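Novice: A single structure is presented below for examination.
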Amino acid sequence: MKFYNYKVSFDSIQKKGHVFSMLVALSLFFSCAYDDEDTLILSNPCDTVPITYSGVIQPILETYCYNCHSSNNPSDGIILDNYEDVKDIALEENSRLIGSINHEAGYAAMPQRQPKLDSCKLHYFDVWVEQGGLDN
Ligand code: HEC
């Protein structure tokens with residue numbers, strides 16, 4: 001009888017152990033789920049299109065910059081109507097392209113006499129440069 005009682009209580013401890021590990025597992029599961037949600041909220045809402053030179057960067061330059069930075073009218077000697085020139089000024093150390101469109105101190109704010117590009121467009125340039133400024 002004594003032995004039986006001991007066994008029962010041992011079983012119940014084991015059961016409690018199971019419940020406890022299930023709670024740990026569940027809380028881990030939910031904390032992971034929460035983390036995912038967190039990441040989703042933090043991920044950039046601009047990231048709806050693949051950020052390529054031809055699909056995103058070139059069209060923005062064409063709309064906002066070609067007027068003053070095309071080969072036949074290169075303000076400040078800066079040409080932005082072909083990949084090679086854009087890549088050079090985008091990837092150079094202390095990128096004048098990134099500095100000017102973000103209106104950073106020490107750079108002429110671009111596009112000149114026009115509002116700053118919206119934050120998604122600025123983000124696209126950052127991502128494109130981070131990815132190596134590819135001709136894609
Ligand atoms: C209305 C004409 C005009 C437009 C539009 C324009 N620029 Fe400029 N940009 C200039 C002029 C003029 C300069 C010479 C710098 C100055 O303002 O003293 C210049 C200078 C620059 C520089 C050199 C900045 C520095 O500090 O050395 C960069 C880079 C540049 N532009 C990029 C751009 C980009 C990118 C766009 C489009 C988002 C753009 N520009 C649109 C006229 C323009």
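Novice: Between D76, D85, which is on the phi > 0 side of the Ramachandran plot and not in a loop (DSSP other than H, G, I, E, B)?
Specialist: The match here is D76.
Novice: Go through (1) assigned to a loop (DSSP other than H, G, I, E, B); (2) near the ligand (Cβ under 9 Å from one of its atoms) for P115 and report which single condition fails.
Specialist: Of (1) assigned to a loop (DSSP other than H, G, I, E, B); (2) near the ligand (Cβ under 9 Å from one of its atoms), only one is false for P115: (2).
Novice: Identify, please: which residue in the range 88-105 is assigned to a helix (DSSP H, G or I) and in contact (Cβ under 8 Å) with a residue 24 or more places away in the chain and is, among those, farthest from the ligand (Cβ to nearest atom)?
Specialist: Just the residues of the range 88-105 that are assigned to a helix (DSSP H, G or I), to begin with: 88-91, 96-101.
Subsequent filtering for residues that are in contact (Cβ under 8 Å) with a residue 24 or more places away in the chain retains 90-91, 97-98, 101.
Details: A90: 9, L91: 12, L97: 5, I98: 9, I101: 5 Å.
In this case the residue turns out to be L91.
Novice: (1) away from the ligand (no atom under 11 Å from the Cβ); (2) modelled with pLDDT under 95; (3) not aromatic (F, W, Y): which one isn't true of T52, the others all being true?
Specialist: Only one criterion in (1) away from the ligand (no atom under 11 Å from the Cβ); (2) modelled with pLDDT under 95; (3) not aromatic (F, W, Y) is unmet by T52, namely (2).
The values are calculated or read from the model by the stated rules, or taken from the named source; none is laboratory data. Since this is a predicted model, take the numbers as computed values, not measurements. Methodologically, a virtual Cβ is constructed for each residue, glycine included, from the backbone with ideal geometry; neighbour enumeration extends over all protein chains shown.
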